[in-house]
1. Once you sort the root eigenvalues of the Cα gyration tensor of segment 66-194 as a ≥ b ≥ c, which label holds: rounded (a/c under 1.5), prolate (a/b larger than b/c) or oblate (the other case)?
2. Taking amide H atoms as placed 1.01 Å from N in the peptide plane, list the residues 5 or more away in sequence, or in a different chain, whose amide H sits under 5 Å from that of residue 81.
3. Run the simple label-point estimate for residue 35 and residue 53 please: 7 Å along Cα→C-beta, distance reported in nm.
4. Mind listing the phi-derived Karplus ³J(HN,Hα) values for segment 306-319, rounded to whole Hz, using 6.51, -1.76 and 1.60 with θ = phi - 60°, and x for any glycine or proline?
5. Which cysteines in the chain lack any other cysteine whose Cβ sits under 4.7 Å from their own Cβ?
6. At a threshold of 8 angstrom on Cα-Cα distance, excluding pairs fewer than six apart, so keeping six or more, what relative contact order does segment 211-275 reach in percent?
7. Roughly what angle does helix 239-252 make with the longest principal axis of the chain, taking Cα atoms, 0 to 90 degrees, to the nearest 10?
8. What does the charge count around residue 112 come to, taking other residues whose C-beta lies under 15 Å from its C-beta (Lys +1, Arg +1, Asp -1, Glu -1)?
Amino acid sequence: MQYGCVGQEVQQRFVDVTQQAVDAPYFPMTLGVRAQAMKLSFVAPDTQGHFLAPDLPVRTVLQHQEDVFQSSFSGAKVYHHAHVGETLSLIYAPFYIDSCAVDAVLNRPVSDPLPEGVMDGFAVSETFHWPLRFVPALCPSCGWDLSGERNALVLSCTNCNRAWQPVGAALKPVPVMFLPGHETADLYVPFWRIAADVTGLALSSYADLVRVANLPKVVQKGWDKIPCYFWSPAFRLSPKAFLSLSIQMNLTQPQENPAAGNPPGSCYPATLPVKEAAEALKISLAGMMKPAETRMPMLPQISIRPTRFALVYIPFQSGHQEWLQPEYHIAINKNLLTLTDH
Ligand SMILES: [Zn+2]
């Protein structure tokens, strides 16, 4: 997800791009939509073929994306921009080398006749040792089987009620909570609740938030004592829905005391790392600051430093086409959440 605070508005888009990782003009520069349209498999040590070693640094690839993004806002003042939730993958596309390079999927030549010995110039590894590592899904605390969806980033232990996420080769604890007292909830949806030090703008209490977002409320006594948290969906959504849901949760500032532990019902999997969610905090702030014309230019001077986080599951009810959180007046279109077992 790419976001830009441009003029008085936050613009967003979803980007999925490929770029050749070898400096080789004989092959196509991008895969186009093929990486999205075709089923991909993991490279295994016994996968046949010669694998060209990538020689473009990841930084160069990312910088290129950054340049394309920046240039798309020509003319308007960009106060802040951010990439959120990016996943970088190395994808090998198959080619035959005959007198020219042949696309092995379409069986079609893609280059002019190749000069003699051209392939000798590439670094090739004959046997490919893919560093695929497995982390046993066992609770490091009590040894119980951890549960979670196939794509879940955070796994839960139903025995000792802890939550874990893989970090390198180990499982690290994740502070997990849920809003209690909603036994009839149909689905618990995960959010990161992030405490942060904000400088360049007074935003440490609910009273501050009311002023920053210019909410139609009169600041009540005691609101300056209620801490203000940043909330972010802990899962992937379309960029627009992600921003809108973040802002709704930030303005709601759930005040119920969450209970520690995993929720007592089915959960939507947490798939977005807290680090990625933290990249979106300033974007989400930009989206709720009012009035935009005076607040937006302040963005470059504002810094947000996350200090603590917790994964908080919020109960939702199943509606016709939406997941509903009646107390917060939040509805998430069911099409946006891809459920496998509901
Ligand atoms: Zn356990």
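1. Numbers: a/c = 3.12, a/b = 1.70, b/c = 1.84.
Oblate is the answer for segment 66-194, as a/c is 1.5 or above yet b/c matches or exceeds a/b.
2. Excluding prolines and chain starts, which carry no amide H, the hits are 5.
3. That separation, rounded to one decimal, is 2.2 nm.
4. x, 10, 9, 8, 8, 8, 10, 8, 10, x, 10, 9, 7, x
5. 5, 100, 228, 267
6. RCO, segment 211-275: 39 percent.
7. 20
8. Charge balance in the 15 Å sphere: -2.
Here, each number is a calculation from the coordinates, and none is a lab measurement. On a predicted model such as this, the values are computed, not experimentally measured, just so you know. Quick reminder, even Gly has a Cβ in these numbers, built from the backbone with ideal geometry, and neighbours come from all protein chains shown.
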